[in-house]
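Single-structure report; data block below.
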Amino acid sequence: TLAGSGEAVIVDVGSAKKFEKEHIPSSISVPFVINDNCETNPNFVEAFKRDVGDKKVIVTCLSGGTLSTERLMDNGRVFKDPQLKNGKESESLRAISELLNAGYKNIVHLDGGNSSWKGQKLPMNGSALKGIIEEGPAGWRVDVLSDDQDKDTWRRATVTSYNEASGMFKVKYDDLGEDGNEVEVSLDQNRTKWLSR
């Protein structure tokens, strides 16, 4: 991917509050809106120049919006959606419009935004996970989404430890029994359901 290779930076233009709660790993926050009333940040372009510079950018927000007027149905057929006559507006599309007007050219839009990212079972970070790490995750019961033979499966486990240097957790899966080995995994917000302590 562009962001994974370092060729581009993911910029989340949602509010700082939304970013703190949940965001794509390694993304940076440059809010286009500054509150829940969708008030536009009057210093957005200046903040963007300061924080991002002239790097290639992938712009996202919670919903992402789309310029597409069609939807792909579960059966693979394309449906021309009358509700998407002009696409679906979003903070990220409005921010891109402002950046284009300011002369930026190296911009890519994350269609569907963070919601689409999560829907594809890609990792998310945010304050919920941070709070669990700060209080010590050992002893938490979790459901972990794992890819077993190209099929998504939720597996119940107990967190035994956290490695701060690697950002990885050690868990013991219930289905491996008492003698099962601890396994080191990434427990991001999108692939983990934190159940209880």
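The values are calculated or read from the model by the stated rules, or taken from the named source; none is laboratory data. The structure displayed is predicted, hence computed values, not measured ones. Virtual Cβ from ideal backbone geometry, glycine too; neighbours counted across all protein chains shown. Calculation scope for accessible area: heavy atoms of the full protein, side chains included, ligands and nucleic acids excluded. Shrake-Rupley method; radii C 1.70, N 1.55, O 1.52, S 1.80 Å.
Suppose we filter the stretch 109-129 for residues that are more than 21 Å from residue 183 (Cα to Cα) and out of contact with any strand residue (DSSP E or B) (no Cβ under 7 Å at 6 or more places or on another chain); how many remain?
Number satisfying all stated conditions: 8.
Evaluate the stretch 81-92: report whether one residue or more is under 23 Å from the mean Cα position of the chain (by Cα) and modelled with pLDDT of 85 or more.
Yes, the stretch 81-92 contains a residue that is under 23 Å from the mean Cα position of the chain (by Cα) and modelled with pLDDT of 85 or more.
Quick check on the stretch 123-146. Is at least one of its residues among the hydroxyl-bearing types (Ser, Thr, Tyr) and under 30 Å from residue 94 (Cβ atoms)?
Checked against the condition, which is being among the hydroxyl-bearing types (Ser, Thr, Tyr) and under 30 Å from residue 94 (Cβ atoms), the stretch 123-146 yields at least one hit.
From the residues in the stretch 150-182 that are of a type in the set (A, V, I, L, M) and under 20 Å from residue 121 (Cα atoms), which one is most open to solvent (accessible area, probe 1.4 Å)?
Going through the qualifying residues, I end up with 168.
Suppose the filter is free of Cβ contacts under 8 Å to residues at least 24 places away in the same chain and within 26 Å of residue 10 (Cβ to Cβ); does residue 101 pass it?
yes
Hey, can you tell me all the residues within the stretch 92-102 that are in a helix (DSSP H, G or I) and either out of contact with any Gly (no Cβ under 8 Å at 6 or more places or on another chain) or of a type in the set (Ser, Thr, Tyr) (or both)?
92, 94, 95, 96, 97, 98, 99, 100, 101, listed by residue number.
Anything in the stretch 5-58 that is of a type in the set (S, T, N, Q), in a loop (DSSP other than H, G, I, E, B), open to solvent by 30 Å² or more (accessible area, probe 1.4 Å) and closer than 16 Å to residue 94 by Cα? List them, or say none.
35, 37, 43
Looking for something open to solvent by 50 Å² or more (accessible area, probe 1.4 Å) and in contact (Cβ under 8 Å) with a residue 60 or more places away in the chain - is there at least one such residue anywhere in the stretch 132-146?
No, there is no match, as no residue in the stretch 132-146 is open to solvent by 50 Å² or more (accessible area, probe 1.4 Å) and in contact (Cβ under 8 Å) with a residue 60 or more places away in the chain.
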